[in-house]
Each structure stands twice: as structure tokens, then as C-alpha cells.
Amino acid sequence: MDRSDIKGTFIVFEGLDGCGKTTQAQLLADFFAGQGAEYVYVREPGGTPVGDKLRAILLDPETVLTKWGEVLLLAAARAQLVQDIILPALTRGKTVICDRYLFSSVAYQGYGLEQDVELVKRVNLEAVQGLMPDMTFYLEVSVQTGLARQQKVRRLDRIERRDSGFFSRVVRGYEKMISEYNFIRLDGTAEPQVIHRQVVDNVTKKMKKGERG
Ligand SMILES: Nc1ncnc2c1ncn2[C@@H]1O[C@H](COP(=O)(O)OP(=O)(O)O)[C@@H](O)[C@H]1O
Ligand SMILES: [Mg+2]
């Protein structure tokens, strides 16, 4: 992939289940729509025909899957999404808003499932052809807050049903990635509109800089 072909901005939301990723991704999508800007919103896993099938397998509480089976199915779904949706959109100059990206695999499968973190990173980087986001928002909430919010609206999926030790490791993984990958860390317990304002401020600044630079 030639990085110079990429004209759009690639924005990712990360964090625990229930931290507010989808809420913020949709608020940001509405913001772009209001501006008449061209954007694409995708969520992981899924977003392509094969990705949606893999999503159903991955989140179904009935699914029995090895740890590396999980890593590889997620990477397969991500590879397809990048190839078929994200790269074409970025090449056309569209903004891409992605609800989770490879950092989720590093946090959940690498740290959470205690697999070789560097290998999880390497497999995923290969799967996405080296494509990394321009900005990654990390919405910070406690494990209890996130799961309580989820449980209020629906039954927990296969991965959300894991024990609290798993989620503490996921949080530790995300925390290690904050400085490594330059995450923009926001308080996920603030009001949605307050968080949205912070997101828009950051995005606007970044896009202005891109125009100059
Ligand atoms: N900042 C917030 N404060 C309180 N509740 C929120 C906030 N953001 C989202 N929620 C609620 O929490 C639940 C999970 O939010 P969601 O955006 O689906 O999280 P995620 O996509 O990260 O799992 C939803 O019911 C949503 O309305
Ligand atoms: Mg969500």
C-alpha cells in the first residue's frame, strides 16, 4: 500500500464494552453529515458480508473457539474491512470512523486472553496492510460502569461474559497502549455531549493541520 494514496482521515474509537464508542462514533458521524462532509462509519467486527458472518460466530455465546481461533477470525474480519471498505474510502478522500480497530485485539486477545502481545500486533498489522489510524479516541470508564451500561440495554455477548480478571487485563493493555499509540484519552463518564465536543475539537484541529501540512 502506498501511503500517499490516502487522502482521508481515519478516526478510531476504542475502550471497554459500554464505554460509549458507538454513541460517540454516531454523534461524530452526524456531525460530519451536518457539515456535508463525506464519511464512512464502520464497526468491528463486521462491516462486510464475510465480516458480518464472522461477527455472528465471534459474539455468539454458544460458540466454542480456541484463543488463536479468536485472534485469527477477528484479524480476518478486519483484513476484509480494510481492503473492501476503509482503504477505498480513504483513497477517495473520505473520513472513516471506525468503532474498534486492531487495538481491541491487542487489548482483548493479547492482554485479556494472555497471548503473545507482539504476535497479536504483528498478525493484525499484516492483516490491515500496515494501515494505522490518524487519531484514536480512548473512552475511559471502569469495567463495572461499562458492563452495567451494557446489561441495561441487552444481554451480554460471548466476550462480554468473561470474568473480571479478564477485563482488568484488558484495561491494563489499553493503558499500556495510550502513550505507545498516542491515544486521545477522554473521560467516558462525562455527559455524551461533553465528550462529543471534545472529540469534535480534536478532530477539527487535526484536520486543519492536515490541510496546512
Ligand atoms: N457518556 C455516557 N454517559 C452515560 N451513558 C452513556 C454514555 N455514553 C453512552 N452511554 C450509554 O451506555 C450504553 C453503552 O454505550 P455504547 O455507545 O453502546 O458503548 P460501546 O459501543 O462502547 O459498547 C448505551 O446505553 C448508551 O446510551
Ligand atoms: Mg458499541
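Where a number appears in this text, it was derived from the coordinates with a stated rule and is not lab data. Note that this is a predicted model, so its numbers are computed, not measured. Glycine also receives a Cβ, built like all others from the backbone with ideal geometry; neighbour counts cover every protein chain displayed.
Let me know the shape class of region 19-81, please: from the alpha-carbon gyration tensor, a ≥ b ≥ c as square roots of the eigenvalues, rounded when a/c is under 1.5, otherwise prolate if a/b is greater than b/c, or oblate.
Taking the square roots of the gyration eigenvalues as a ≥ b ≥ c, region 19-81 is prolate.
Please order LEU16, LEU119 by the number of other Cβ within 10 Å, starting at the fewest.
Numbers: LEU16 28, LEU119 12.
The most exposed by this proxy come first: LEU119, LEU16.
Pairs of Cα atoms under 8 Å, at least six residues apart: use those to get the relative contact order of the chain, whole percent.
Numbers: 319 pairs, mean separation 67.2, N = 213.
Contact order relative to length: 32 percent.
Quick one: which residues, 5+ away or cross-chain, put their amide H under 5 Å from the amide H of TYR39? H built at 1.01 Å from N.
So TYR39 has HN proximity to THR95.
Going by the alpha-carbon gyration tensor, a ≥ b ≥ c the square roots of its eigenvalues, is region 3-208 rounded (a/c under 1.5) or, if a/c is not under 1.5, prolate (a/b greater than b/c) versus oblate? Write down the numbers at each step before the final one.
Details: a/c = 1.56, a/b = 1.20, b/c = 1.29.
Oblate.
Specify the inter-centroid distance of region 138-154 and region 1-55, based on alpha-carbon positions, in whole Å.
Cα centroid to Cα centroid, the span is 20 Å.
Only helical DSSP H runs with n ≥ 4 go in: add -39500 (n - 2.57) per run for the chain, normalise by residue count and round the 222 nm mean residue ellipticity to 500 deg cm²/dmol.
Mean residue ellipticity, 222 nm, calculated: -16000 deg cm²/dmol.
With springs connecting C-alpha atoms under 10 Å apart, model the chain as a Gaussian network and identify which of GLN129, GLN35, GLN26 has the largest mean-square fluctuation.
Its mean-square fluctuation being the largest, the pick is GLN35.
Quick check: from the Cα gyration tensor, does region 13-117 come out rounded (a/c under 1.5), prolate or oblate? If you can, show how the numbers build up before the last one.
Values: a/c = 2.14, a/b = 1.72, b/c = 1.25.
Note, shape of region 13-117 comes out prolate.
Pick from ALA56, ALA127, ALA107 the residue whose mean-square fluctuation is largest in a GNM of the chain, springs joining Cα atoms under 10 Å.
Evaluated over the chain, the most mobile residue of the options is ALA56.
Work from the charge dipole of the chain (Cβ charges, +1 for Lys and Arg, -1 for Asp and Glu, about the Cα centre) and give the residue of ILE57, ILE85, ILE97 farthest towards its positive end.
Highest projection toward the positive end goes to ILE97.
Counting only complete DSSP H runs, which helices of the chain cover 18 Å or more along their long axis at the Cα atoms and score a mean Kyte-Doolittle of 0.0 or above?
Helices meeting the criterion: 67-81.
Mind sorting LEU186, LEU73 by how few other Cβ atoms lie within 10 Å of their own Cβ, fewest first?
On the way: LEU186 22, LEU73 19.
Taking fewest neighbouring Cβ atoms as first place, the list is LEU73, LEU186.
Going Cα to Cα from LYS208, which lysines come in below 25 Å? Please leave out same-chain ones fewer than 8 positions away.
Straight-line reach from LYS208, under 25 Å: LYS7, LYS21, LYS94.
Cut-off under 19 Å on the C-alpha distance; same-chain residues fewer than 8 positions from LYS121 excluded. Which lysines are left, in chain and number order?
Leaving aside lysines fewer than 8 places away in the same chain, those within reach of LYS121 are LYS67, LYS176.
Which residue fluctuates the most in the chain, going by a Gaussian network model with Cα springs under 10 Å, if the choices are VAL106, VAL153, VAL82?
Most flexible of the set in this elastic network: VAL153.
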